[in-house]
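To start, the structure itself, in C-alpha cells.
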Amino acid sequence: MSFGSRLRVLTATGPVVCLGLDPHPQILRAWGCDDSGSGLAHWSAMVLEALEEAQPSVVKPQVALFERQGLSGMQSLATLLAGLREKNILIVGDAKRGDIGSTMRAYAEAWLTPGKDFEVDALTLNPYLGLGSLEPALELCQEHEKGAFVLCATSNPEAQVMQRARRSKGLTLAAGVAYDLAQWIEARPTADAALCGLVVGATVNQADTGLDLSRYPNMPILAPGFGAQGALLDQAVQYFPHSTSVVATVSRSVLEGPFAGLAARFQKACFEVQPS
C-alpha cells in the first residue's frame with residue numbers, strides 16, 4: 001500500500017499522533033543511557049521494545065540526533081528503521097534534505113529507495129533552493145509510492161523574515177511553496193494527491209504567514225509544535241480546520257520521562273487528539 005493510501009486510512013477520523021524519536025542528550029539520560037554511540041544503540045533498542053506496547057501508527061526519527069554520534073549513530077538509525085519497518089509502522093524520516101540536481105537525486109535514493117539502509121515511507125524536504133530543486137525526490141516518491149513533507153511555515157522565529165517575504169506576484173514564500181506543490185501534483189494526473197504534504201507548525205499564525213490551507217484541503221499536513229512547544233493536542237482540528245489529513249507530532253512531552261511510562265504517555269496524547 002502506498003504512503004498516501006496508508007495516511008488516508010490513519011487520518012480518516014481526524015488527526016493522527018506521530019511520535020518523534022528525538023534522542024537528545026537529556027532524553028538519553030532520562031532513559032538511563034549514556035550520550036554516546038553505545039548509549040544511543042541501547043536507547044534505540046529500548047524504543048523498539050517500548051513501541052510494542054505504545055503501538056504508534058506513525059513515527060518520525062530526527063536524523064541529526066543520530067548523525068551526531070557518527071558511524072555508530074547512523075548504524076543505530078539503520079537498525080531502528082529496519083525494526084520499525086518490520087512492525088509496519090509508518091516512518092517519516094526527518095532529514096530536511098534539499099539540494100540540486102544529482103545531489104538531490106542521491107539524497108532521495110538514500111532515503112526513498114526500497115531496500116536501502118535508511119529507507120523511510122516519507123521524507124521531510126527543504127524547498128528554499130526552489131521547489132524545482134526537489135523534483136528528483138518528488139519523482140522518486142511517485143516511482144516508489146513514497147511521500148514527502150515539504151517545509152512551508154515553520155514556527156522558529158528566525159524563519160519569519162524569509163517565509164513571510166513576498167514573491168513577485170504577491171504570495172508569501174510560504175504560500176508560494178504550497179501553491180507550487182499543488183501545481184506540481186495537478187500536472188501529474190497519475191500521481192497520488194497525498195504524495196506531497198506540507199510542514200506547518202501548529203504554533204504558526206497561518207494568516208500572518210499568508211497561508212490559506214482551505215485552498216488545499218487534501219494536502220497532508222505534518223504539524224510539529226504540540227506538547228513541549230505549546231500547541232494543544234485537543235485543539236489540533238481547530239489549528240487546521242480545512243485539512244483532512246493532519247499528522248500531529250509529539251516528542252519531548254512523551255519521551256521525557258522513564259522508559260516504563262512511554263506507552264501511557266503516548267496513549268494519553270492519542271486520546272487528547274481525538275475529535276469530540
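Every number here is computed from the coordinates shown, using simple stated rules; none is lab data. Model, not experiment: these values are computed from the prediction. A quick note on method: Cβ atoms are made from the backbone with ideal geometry, for glycine too, and the neighbour counts reach across all protein chains shown.
So the values come out like this:
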read-out	value
Positive-end residue, region 16-273 charge dipole about Cα centroid, Cβ charges, pick of MET46, ALA260, GLY132	GLY132
Alpha-carbon centroids, region 212-267 and region 74-109: separation in whole Å	21 Å
Volume per residue that the Cα convex hull of region 152-276 spans, once the total is divided by residue count, Å³	113 Å³
Using θ = phi - 60° and Karplus 6.51 cos²θ - 1.76 cosθ + 1.60, couplings along region 155-169 (whole Hz; Gly, Pro as x)	8, 5, x, 5, 7, 5, 4, 7, 5, 9, 5, 9, 7, 4, 9
Two-site FRET efficiency, GLN229 against ALA260, from Cβ-Cβ distance with R₀ of 30 Å, rounded to 0.05	0.75
Dipole magnitude of the chain, debye to nearest 20 (Cβ charges: Lys/Arg +1, Asp/Glu -1, about Cα centre)	500 debye
Note, ³J(HN,Hα) from phi for region 89-106, Karplus 6.51, -1.76, 1.60, rounded to Hz, x at Gly and Pro	8, 5, 10, 9, x, 8, 10, 6, 6, x, 7, 10, x, 5, 5, 5, 4, 5
For the chain, calculated [θ]222 nm from helices alone, where every DSSP H run of n ≥ 4 adds -39500 (n - 2.57)	-12000 deg cm²/dmol
Residue among LEU255, LEU129, LEU77 with the largest mean-square fluctuation in a Gaussian network model of the chain, springs linking Cα atoms under 10 Å	LEU129
Distance from region 1-71 to region 120-187 (C-alpha centre basis), Å	24 Å
Of LYS146/LYS268; LYS60/LYS96; LYS60/LYS87, pairs whose Cα-Cα distance is over 20 Å	LYS146/LYS268
Stokes-Einstein D (µm²/s) once Rh is taken as the Kirkwood radius of the chain over alpha-carbon pairs, at 37 °C in 0.692 mPa s	174 µm²/s
Region 46-51 - phi-based ³J(HN,Hα) in whole Hz, Karplus 6.51/-1.76/1.60, Gly and Pro as x	5, 4, 4, 5, 5, 5
11 Å reach of a label modelled at ALA78, 7 Å along Cα-to-Cβ, counting backbone N of region 97-116	116
